[in-house]
Amino acid sequence: MILHRVEDAILVGLLLLMIGMAVTQIFLRNLFEAGIVWSDVMVRILVLWVGLAGAMVASRQDNHIAIDILDRYLPERAKVYTNFVVRLFTALVCTIVAYYSLLFVQMEFTDGGMAFARVPTWLCEAIIPFAFTVIALRYFLLSFVNLKKIVKSGS
């Protein structure tokens, strides 16, 4: 799917930018005793972006870290029900996080602060509500897939 390739490309690009910026900063500091003033802040923000972009990529295939102790011991029929509940709960939590992080980004926008090199703080934080919205949508879809399995097995 083209959306998956775009996501993967963005993730790889962000990771390369983060590594490139960190290596450049190390090189400049060690060889020239100078550096880019805002580089450290940018790398920290890129860590946030890479982490959340990675979480979005993981959510598309339901590959997040999971405690699957229930899956080991439950019968197959019960797994479908627990998977439905877990995925729906995950979607609801991500929806709440997306909502409150959007309010946070709106406050930062109103505040008008700058993160580095004339880049507004709100723009650096905008990945948070976006990523959690994408993850929530994906887990709602995954939960409905499980719901379809429940309905089919009940018929």
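The values are calculated or read from the model by the stated rules, or taken from the named source; none is laboratory data. Since this is a predicted model, take the numbers as computed values, not measurements. Every residue, glycine as well, gets a Cβ built from its backbone with ideal geometry; the counts of neighbours run over all protein chains shown.
Within the range 62-69, is there a residue that is farther than 30 Å from residue 141 by Cβ and touching a helix residue (DSSP H, G or I) at 6+ places or on another chain (Cβ under 9 Å)?
no
Please specify each residue of the range 68-93 satisfying the condition of being of a type outside the set (Phe, Trp, Tyr) and under 26 Å from residue 127 (Cβ atoms).
86, 87, 88, 90, 91, 92, 93
Output the number of the condition that residue 93 fails; it satisfies all remaining conditions of (1) under 20 Å from the mean Cα position of the chain (by Cα); (2) under 30 Å from residue 39 (Cβ atoms); (3) not basic (Lys, Arg).
So the condition that residue 93 fails would be (2).
Any residue in the range 74-91 that's of a type in the set (Ser, Thr, Tyr): show its pairings with residues that are surrounded by 14 or more Cβ atoms within 10 Å (Cβ to Cβ) and outside any helix (DSSP H, G or I) at Cβ separation under 9 Å, as long as the two are six or more apart or on different chains.
Note: pairs meeting the criteria are 81/74; 82/74.
Could you please let me know if residue 58 is in contact with a His (Cβ under 7 Å, 6 or more places away or on another chain), among the hydrophobic types (A, V, I, L, M, F, W, C) and either surrounded by 14 or more Cβ atoms within 10 Å (Cβ to Cβ) or free of Cβ contacts under 8 Å to residues at least 60 places away in the same chain (or both)?
So residue 58 fits the description; yes.
Consider residue 131 against the criteria (1) surrounded by fewer than 19 Cβ atoms within 10 Å (Cβ to Cβ); (2) touching a Leu at 6+ places or on another chain (Cβ under 8 Å): it satisfies all of them except one. Which criterion is unmet?
(1)
Having 2 or more residues that are of a type in the set (S, T, N, Q) is the bar; report the helices (runs of 4 or more DSSP H) wholly within the range 61-155 that clear it.
Output list reads 76-111, 127-154.
Just one of the numbered conditions (1) under 19 Å from residue 131 (Cα atoms); (2) in contact with a Lys or Arg (Cβ under 9 Å, 6 or more places away or on another chain) is not true of residue 35; which one?
(1)
Have a look at 115, 78 and point out the one that is within 21 Å of residue 63 (Cα to Cα) and at pLDDT below 95.
78
Would you check if there is a residue in the range 54-66 being acidic (Asp, Glu) and either closer than 19 Å to residue 145 by Cβ or at pLDDT 95 or above (or both)?
Yes; the residues of the range 54-66 include at least one that is acidic (Asp, Glu) and either closer than 19 Å to residue 145 by Cβ or at pLDDT 95 or above (or both).
Table: residues versus (1) among the small types (Gly, Ala, Ser); (2) closer than 18 Å to residue 46 by Cα.
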site	(1), (2)
78	yes, no
84	no, no
106	no, no
122	no, yes
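Is it the case, given these coordinates, that residue 147 is of a type in the set (A, V, I, L, M), modelled with pLDDT of 95 or more, farther than 18 Å from residue 10 by Cβ and surrounded by 15 or more Cβ atoms within 10 Å (Cβ to Cβ)?
So residue 147 does not fit the description; no.
Taking the range 28-42, which residues are surrounded by fewer than 15 Cβ atoms within 10 Å (Cβ to Cβ) and of a type in the set (Phe, Trp, Tyr)?
Across the range 28-42, the qualifying residue is only 32.
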